[in-house]
Structures are given as C-alpha cells and as structure tokens.
Amino acid sequence: MKQLLLSLGLITTLSVTALAQSGPENNNWPQWRGPKETGAALYGNPPSKFGENENIRWKTEIPGKGHATPIVWEDKIIVLTAVATDKKPDGKVPDAEGNRVAAMSPTKTELIHQFKVVLVDKKTGSILWDKTVKEEVPIESTHALGSWASNSPVTDGENIYAYFGSRGLYCLDFKGNIKWEKDFGQMQTVMSFGEGSSPSLYKDKLVVVWDHEAGSFITALDKKTGKELWKVDRDEGTSWASPLVLEVDGKAQVITAATKKVRSYDFETGSIIWECTGLTRNVIPNPVFGDGILYVMSGYRGNTLLAIDLKRAKGDITGTDVILWSYNQDTPYTPSPLLMDGKLYFLRANNGEITCLDAKTGAVQYSKQKLEGITNTYSSPTGAPGMIFIAGDKIVNVIEAGGTFKVLSSNVLEDTFEASPVIIGDDIFLRGAKSLYCIGRK
C-alpha cells in the first residue's frame with residue numbers, strides 16, 4: 001500500500017539538477033538510461049509500429065553475447081560484447097615477476113572470452129571497428145539469463161569508458177585506442193548471479209560502485225588518467241544499481257541504492273551526506289530523479305518504493321518526513337523505472353505487468369496492467385513523447401504515455417532483448433541477442 005506523508009506540502013522550489021552529459025540531448029544517449037538518466041528521450045519521435053519487414057532501417061549482427069545497453073554519441077553507437085573463442089587456458093598462472101608458471105592446482109578449462117568494444121555507424125549499421133580490451137576465462141559463473149558484458153559504457157564525446165566489471169574499466173578514444181585501464185579485482189556476487197552496475201561520468205570524474213560479497217566500496221577516478229581520487233568502503237553485499245550523480249545547491253552528490261542502505265556521497269570527497277534504510281535484498285533498479293524528488297525502489301522478496309525530498313536530505317532520514325511517500329507493491333526486481341512528464345512507470349518483478357503512479361503524490365494511475373506477449377523481461381522501459389517502449393522475447397510493446405493504460409502496438413522481431421531500448425530522434429536502437437536494430441520511419 002502507498003503511504004502518503006503530510007510533509008508533501010513542504011516541497012519548495014529546489015536548486016537540484018539532474019546532471020546530463022554535454023551535447024545536444026536529441027543527438028546523444030551517453031549512458032544507459034539516457035541524457036537525464038530517467039529512461040526518457042524528451043525529443044524522440046520514433047514509429048510506434050514496426051517489424052522485420054516494416055520500418056527497419058538496418059540490422060547488424062553483433063558477435064558474442066552482451067546485455068549492456070548501447071550508448072550513442074552523434075553518428076556513432078558503442079556496443080559491448082563478450083565473445084567465446086575456441087581457445088582454452090594453458091593451465092599456467094603468473095608468478096611474482098609476471099612469468100607464467102605451472103599452477104599449483106588445475107585451472108578451469110572453460111573457453112577464453114574476448115571482451116570487446118564495438119563501434120557502429122549510426123546511419124548505416126556498419127561496424128567501424130571492434131577492439132578486444134581483455135582476453136581471459138571468466139573466473140566466476142554468471143546467471144543463466146545474464147551475460148559477461150552487462151555493464152553499459154558511458155561517454156563524454158571525447159572518450160569511451162567501457163566497463164566490464166571484473167574484467168576492468170577501459171578508456172578508449174573513438175579510434176579504438178586504449179588510453180588507460182583500471183583493474184578492480186574479481187567480484188564474488190551472491191549466488192553467482194553475475195555483474196551489471198554501470199559507472200557514472202560527471203565533469204572530471206568516473207564513479208564506480210563495487211558491491212559484492214567480499215569487500216564492497218565506491219570509488220571516484222580521474223577520467224583522464226584512471227587515477228583513484230577517493231575510495232570509501234561500503235557495508236554492503238551484492239547490488240547492481242548504478243550510481244546517480246545529482247547537484248544540490250551547486251554541490252554534486254552521488255546516490256547509491258543497495259540492500260542495507262540508500263546513501264548519498266559527496267562527489268568531491270566521498271563523505272556521507274545522507275542515508276536511509278528500507279529497500280529489499282538484491283537491489284538492481286536505478287534511482288531516478290525529477291522535480292526535486294529522488295525515487296529508489298527494489299522488488300526481490302518484497303516491494304519498496306521511496307520518494308525522497310532531496311533538498312532536505314541530511315544525515316539519517318530513515319522514517320522521517322524527508323521520505324515524502326512510499327509504495328510497497330508491484331515494484332521491479334531487475335528493470336529500472338521510467339520517469340517522464342510527472343509520471344513514474346515500472347514493471348512488476350521481471351514480468352510484463354506495468355504500473356503508473358503520479359510522481360509527485362504517489363497516487364495510482366493504473367497498476368499491474370498486462371503487456372501482450374511478455375512473460376519475463378529484464379529490459380527497462382524507455383519513453384518518448386506520448387509513447388513507452390518495453391522489449392521482451394521477440395516482442396516490443398508500445399503503450400501510450402500518461403495516466404490511462406492503452407496499448408498502441410505489439411511488434412514482433414526475430415530476436416530476444418535484454419538490453420533497454422535507446423531512442424534518438426526518429427530512431428529506436430535495440431540490442432538483441434543476435435543483432436543490433438535501427439528502427440525508424442522509412
């Protein structure tokens with residue numbers, strides 16, 4: 001049940017800014033949830049109806065497997081993937097001097113994977129280059145429905161920051177040259193569920209959250225060199241939500257959502273600004289922000305959604321009127337929410353049932369409306385004016401944006417979609433298990 005607090009009337013005009021990357025918003029999708037990190041393409045105008053023989057501008061096969069949502073900068077698309085080779089490890093390990101010597105115990109015999117950054121021409125779908133940044137056998141298992149390339153990249157238009165979790169973070173230029181790399185070690189995720197948190201990029205820093213079962217932390221790196229600027233230990237187990245950078249009264253803070261606490265860190269120093277408890281286990285959905293309110297949610301073994309007055313958040317805000325309202329049903333396990341035009345949309349668990357709330361008050365507009373043909377989805381909804389796109393297994397549903405549930409179309413494609421739709425102007429880009437699609441009016 002939703003719990004409305006009397007403090008709702010205390011919201012004032014806020015000096016709080018969602019920090020989009022530089023560049024025209026209608027040309028770029030610089031991180032996985034879009035320019036404002038809300039899942040909305042405010043200037044998008046794609047077709048609502050399409051199929052394998054309708055409104056497909058191009059379709060390009062992408063080698064390997066990767067659930068990372070592509071990003072777009074001007075006329076380039078960046079895709080991450082992991083390609084299994086036919087090579088096996090040599091059974092040796094590096095010694096203290098870096099020489100490869102026989103291992104004390106047998107090594108795993110799984111195939112070596114190539115971890116690749118792929119640059120695609122936005123207009124034609126041609127692969128301009130692919131760069132293998134790492135070649136190794138993944139040490140830990142991943143979820144059967146996951147991939148070894150589930151962390152989405154980010155860009156500032158000058159460089160590409162490709163993050164493969166336990167395989168490292170890589171800074172490349174747009175010609176495919178590696179400028180620097182950073183190794184964070186090996187994650188030990190709960191139940192070997194795999195990895196998926198993406199880095200956040202703002203001004204001169206990259207922020208990475210490293211939550212797992214063996215020593216969690218958050219760190220900020222110099223984007224030009226990869227040098228560690230600060231690092232703070234976290235009392236957390238595995239989480240998958242990406243950090244969100246916001247500016248409050250001219251001061252940037254990093255929001256993180258996880259099982260034990262939601263926390264805000266000072267962007268410059270890493271010191272805690274505020275925190276609260278309240279989410280469930282295995283937090284995956286990204287926080288979103290709009291009109292002064294921060295929304296955090298989770299949906300594994302319980303359901304929680306908290307709407308936080310970011311301007312007044314200081315210290316421990318658990319149970320205070322800084323939490324404006326809450327909602328405790330039908331929240332997502334894996335997909336992140338969509339915040340657009342004063343409405344908050346989210347899927348129930350991992351299934352094809354969607355709920356819409358008034359973002360300011362939490363009032364239910366509709367709930368648990370079933371999407372045709374979608375039984376399970378790990379992709380997050382993406383919005384454009386008047387439309388919301390939800391991708392699943394060989395189907396993309398388009399519903400009308402707003403407080404009334406209405407299906408506009410159900411579009412069948414010959415692929416399965418775990419990555420989230422990306423919308424740039426008149427085009428939709430869909431990363432499937434086999435191919436990258438560009439959909440637009442022809």
Limited to the stretch 332-372, what total is found for residues that are outside any strand (DSSP E or B), among the hydrophobic types (A, V, I, L, M, F, W, C) and crowded, with 21+ Cβ neighbours inside 10 Å? 2
Where a residue in the stretch 398-418 is within 25 Å of Ala359 (Cβ to Cβ) and touching a residue at least 12 places away in the same chain (Cβ under 8 Å) and its partner, wherever it lies, is exposed (fewer than 15 other Cβ atoms within 10 Å of the Cβ) and of a type in the set (A, V, I, L, M, F, W, C), with Cβ under 6 Å and at least six apart: Ile399/Val407
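With at positive phi and among the charged types (D, E, K, R) as the only criterion, which of Lys406, Lys311, Lys368 stands out?
Lys368
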Please find, within the stretch 184-204, the residue that is nearest to Pro287 (Cα to Cα) out of those that are loosely packed, with under 15 Cβ neighbours inside 10 Å and among the charged types (D, E, K, R). Lys203
Would you call Ser336 in contact with a strand residue (DSSP E or B) (Cβ under 8 Å, 6 or more places away or on another chain), among the hydroxyl-bearing types (Ser, Thr, Tyr) and under 24 Å from Ser152 (Cβ atoms)? yes
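Please enumerate the residues belonging to the stretch 261-279 that are on the phi < 0 side of the Ramachandran plot, over 20 Å from the mean Cα position of the chain (by Cα) and not in a strand (DSSP E or B).
Across the stretch 261-279, the qualifying residues are Glu268, Thr269, Ser271, Thr277.
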Near pairs, Cβ below 6 angstrom, 6+ apart or cross-chain, from the stretch 170-196 (in contact (Cβ under 8 Å) with a residue 24 or more places away in the chain and on the phi > 0 side of the Ramachandran plot) to any residue that is outside any loop (DSSP other than H, G, I, E, B) and not acidic (Asp, Glu): Gly176/Trp129; Gly176/Lys131
Selection within the stretch 214-229 - closer than 18 Å to Val254 by Cβ and out of contact with any Leu (no Cβ under 9 Å at 6 or more places or on another chain): Ser216, Phe217, Ile218
Some residue of the stretch 396-417 being modelled with pLDDT under 95 and out of contact with any Gly (no Cβ under 8 Å at 6 or more places or on another chain): no
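Quick test for you: out of Pro24, Pro47, Pro63, pick the one residue that is within 23 Å of Gly165 (Cα to Cα), surrounded by fewer than 20 Cβ atoms within 10 Å (Cβ to Cβ) and either modelled with pLDDT of 95 or more or more than 16 Å from the chain's Cα centre (by Cα) (or both).
Pro63
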Assuming Ser198 fulfils every condition listed in (1) in a loop (DSSP other than H, G, I, E, B); (2) more than 24 Å from Trp274 (Cβ to Cβ) apart from one, which condition is it? (2)
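Can you name the residue in the stretch 77-92 that is assigned to a strand (DSSP E or B) and either among the hydrophobic types (A, V, I, L, M, F, W, C) or more than 22 Å from Ala433 (Cα to Cα) (or both) and, of all such residues, is modelled with the lowest pLDDT?
The extreme case among them is Lys92.
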Which condition breaks for Ala241 when tested against (1) under 22 Å from Gly66 (Cα atoms); (2) at pLDDT below 95; (3) in a loop (DSSP other than H, G, I, E, B)? (2)
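The values are calculated or read from the model by the stated rules, or taken from the named source; none is laboratory data. Note that this is a predicted model, so its numbers are computed, not measured. Please note: Cβ atoms are built from the backbone with ideal geometry, for glycine as well, and neighbour counts cover all protein chains shown.
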